[in-house]
Amino acid sequence: MAPELHRPPFQADERTALIGWLDLQRNILRWKCEGLSDEDAHRPVIPTSPAMTMAGLVSHMRWTEHLWLEVLFLGGDETQNPSFDESSEDADWHTGGRPLAELLAEYEAQCARSNEIVAAASLDDTGRHTGFRSGGANLRWMLVHLVEETGRHAGHADVVRELLDGTKGYY
């Protein structure tokens with residue numbers, strides 16, 4: 001069953017609009033995974049980007065949410081996030097062959113955690129991780145970036161899914 005795919009209200013306040021657009025892009029990414037076998041979810045279809053599988057996209061987006069809101073905004077430990085692993089290129093895209101359902105559940109939990117973080121803070125609050133220049137951005141900036149990043153990768157998911165089995169559609 002397709003997730004709810006709704007734009008935020010036209011007269012939404014800033015926070016509602018930002019989270020609404022982010023949730024829409026998150027749900028599009030989840031929707032693009034519906035009905036995929038684990039084999040297809042891990043099958044690369046772009047020869048020059050072998051990590052860009054549906055499973056890899058979900059893993060990357062899980063860790064992207066963690067990076068921006070738990071590490072850069074809250075000041076958490078970056079060693080818990082494979083995005084910071086300099087010994088392995090694109091480490092946050094690597095899934096170790098884990099089932100798509102498991103990756104989606106982790107992504108869902110991370111998105112819920114991200115929304116909790118946002119709900120408890122002011123959009124004007126700035127990040128607490130001083131070790132990274134982008135850690136000084138305010139929450140508003142980080143959310144706009146997450147909308148952009150998630151939308152970009154939801155678009156990648158459109159292409160990957162179409163190359164996997166011909167399924168296409170916006171919503």
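Since every read-out is calculated from the coordinates, none of them should be taken as a lab result. Remember, it's a predicted structure, so these values are computed and weren't measured experimentally. Please note: Cβ atoms are built from the backbone with ideal geometry, for glycine as well, and neighbour counts cover all protein chains shown.
So here's what we get for this one:
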quantity	calculated
Solution diffusion estimate, µm²/s, Stokes-Einstein, the chain, Kirkwood Rh from C-alpha pairs, 4 °C, viscosity 1.567 mPa s	78 µm²/s
Among Glu102, Glu70, Glu149, residue whose mean-square fluctuation peaks in a GNM of the chain (springs only between Cα atoms under 10 Å)	Glu102
Chain lengthening between Leu74 and His145 when straightened (0.36 nm per residue, less Cα-Cα)	23.9 nm
Extension gain, Glu34 back to Glu106 (0.36 nm per residue minus Cα-Cα distance, nm)	24.4 nm
Cα-based shape type of the stretch 49-94, given that a ≥ b ≥ c are square roots of the gyration tensor eigenvalues and the cut on a/c is 1.5	oblate
Ellipticity estimate at 222 nm from DSSP helix runs (n ≥ 4, -39,500 (n - 2.57)) divided over the chain, nearest 500	-16000 deg cm²/dmol
Rounded to the nearest 20 debye, dipole of the stretch 15-165 from Cβ charges on Lys, Arg, Asp, Glu	420 debye
Contact order normalised by residue count of the stretch 1-145, Cα under 8 Å, 6+ apart, percent	22 percent
Gln11/Asp125 FRET efficiency (R0 30 Å; Cβ-Cβ; nearest 0.05)	0.75
Charge sum, other residues only, whose C-beta stays under 12 Å from His156's C-beta, Lys/Arg counted +1 and Asp/Glu -1	0
